[in-house]
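The values are calculated or read from the model by the stated rules, or taken from the named source; none is laboratory data. In this text, all values refer to a predicted model and were calculated from it rather than measured experimentally. Counting neighbours? That spans all protein chains shown, and the Cβs are built from the backbone with ideal geometry, glycine included.
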Amino acid sequence: MLCGWYTRSDISLTGVPPLERNREDADVVIQIGSGRSPLVNAARRIEHSFERSYLRIHNVVDFEISEGREIRIWPATEATQKDIEIFLLGPAWATLCHQRKILPLHASAIANETGITAFAGHPGAGKSTIAAMLSTLNYELVADDILPVDFNQELTPGAWPYLRRLKLHRDSITRFAFTPAEKVSENLDKEKYFVYPKFRSADKWRRLERIYVLEKDVIGSHDPIEPLAGADAVRALVDQTYHFDFIPGTRQFGEHLAFCTRLASKVAIYRLRWTPLNASADEFGSLICQHLKGAGRDPDHAS
Amino acid sequence: MLTLNSIIQREPEIITAQADPDLMMVSVAMGHYYALSDVGRQIWDAIERPKRISDLIADLTTTYNVDLASCEEQTISFLASLLDEGLLQVKDEPLD
């Protein structure tokens, strides 16, 4: 199950148990496409419409993503399964989320008894590192890189777990005393390894309580955690939307803005300045844990 | 070029969302996001329908403790930036 959807796939997915072969009512189907890729003569590598999107990853794979429930794949001749998986479970899956009106937040996430906390940021900001740090402090891993956020019937924001594994460099693996499972890829992202923390969230939808937007601390901030509100909070969510190309491609600016605005009004959002390589795990972990324990009593929390 | 006699109106195609205390906006045509707060937001609210700039400034000087010359300069500058971003229309026809 991925994001709460029963997923049937023609290709094996690292760390994702296969669905029973006879299950016909899968929520999401991933298939090897037959015949030639529809992108063979395409002028552009990305095309989006309401019903169907196309993504071309040069020399790796072409995707067709349809109606939020089907992904067809045309692998390049020499592409490996792991290389395909990077983009299948990245921009292709994010496109699927967009089609289902779910916001794929570019974030890692952990959970405790009160709910989910997400750490959003651009590549290299330290999303996986901070999730790794907190998982050693007994927080459950919910997601790494993409957190699919939606609202329940009571308009409470939350998320299902997605890929409860971390992609870490060797130095982070050593730093946090993890055991690497396997390389992410032999060709792409080959400096990183998959790691499966001991504590991982169960397969259930949980409330999203707060979001930290990670920024590199270049000046040695005295107070690294700063609440965001109003336009700053909304802008952070817009900025951290994974595979934002879908929005202008389908011209769903209004829906996207409304979603981010509603989310910013219901979730506490903070700017977190830190330097992943220099931060002392003990000190920073303690700072975050203390701030997390303020959840529910936080005077900055937007109602 | 905007003058005190120009009649302006906000672009009706701009999509907005409340992000209190700010107003978020997005131009579908340009794919750009904007935010307005404080006086800028008040001006945006005031130009939902066609309005002469001199009348807008008269309202602002009544509301805020600002001298007329400063208000004119800053308001026209702000409206000019809205115009540059495609967020503003200039109406040639006289007001009803």
Pairs where the first residue, in region B:21-34, is within 7 Å of chain A (Cβ to nearest Cβ) and the second is among the charged types (D, E, K, R) and exposed (fewer than 14 other Cβ atoms within 10 Å of the Cβ), C-beta under 9 Å, 6+ apart | B:Pro21/B:Asp38; B:Asp22/B:Asp38; B:Val28/B:Glu13
So A:Pro161 clears everything in (1) more than 29 Å from A:Leu13 (Cβ to Cβ); (2) away from chain B (no Cβ under 14 Å); (3) buried (at least 21 other Cβ atoms within 10 Å of the Cβ) except one condition, right? Which one?
-> (1)
Is there a residue being more than 10 Å from chain A (Cβ to nearest Cβ), loosely packed, with under 15 Cβ neighbours inside 10 Å and among the polar types (S, T, N, Q) anywhere in region B:40-49?
-> no
Strands (runs of 3 or more DSSP E) (entirely within region A:191-294) containing at least 3 residues that are buried (at least 19 other Cβ atoms within 10 Å of the Cβ) | A:192-195, A:206-216, A:268-274
Out of A:Arg210, A:Arg262, A:Arg235, A:Arg251, sole residue that is of a type in the set (Lys, Arg), in contact (Cβ under 8 Å) with a residue 40 or more places away in the chain and at the interface with another protein chain (Cβ under 10 Å from one of its Cβ atoms) = A:Arg262
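Among A:Pro123, A:Pro148, which is under 12 Å from the mean Cα position of the chain (by Cα) and modelled with pLDDT of 95 or more? Explain how you work it out, then say what you get.
On the way: A:Pro123 fails: modelled with pLDDT of 95 or more.
A:Pro148 is the lone residue from the list that is under 12 Å from the mean Cα position of the chain (by Cα) and modelled with pLDDT of 95 or more.
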Of the conditions (1) within 18 Å of A:Gln252 (Cβ to Cβ); (2) in contact with a Pro (Cβ under 9 Å, 6 or more places away or on another chain); (3) without any contact (Cβ under 8 Å) to a residue 60 or more places away in the chain, A:Leu105 fails just one. Which one is it?
-> (3)
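B:Ser37: surrounded by fewer than 16 Cβ atoms within 10 Å (Cβ to Cβ) and facing chain A (nearest Cβ under 10 Å), yes or no? Spell out how you get there, then give the answer.
Values: surrounded by fewer than 16 Cβ atoms within 10 Å (Cβ to Cβ): yes; facing chain A (nearest Cβ under 10 Å): yes.
When the stated conditions are applied, B:Ser37 passes them.
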Go through the residues of region B:53-63 one by one and say whether even a single one is modelled with pLDDT of 95 or more, in contact with a strand residue (DSSP E or B) (Cβ under 9 Å, 6 or more places away or on another chain) and within 14 Å of chain A (Cβ to nearest Cβ).
-> no
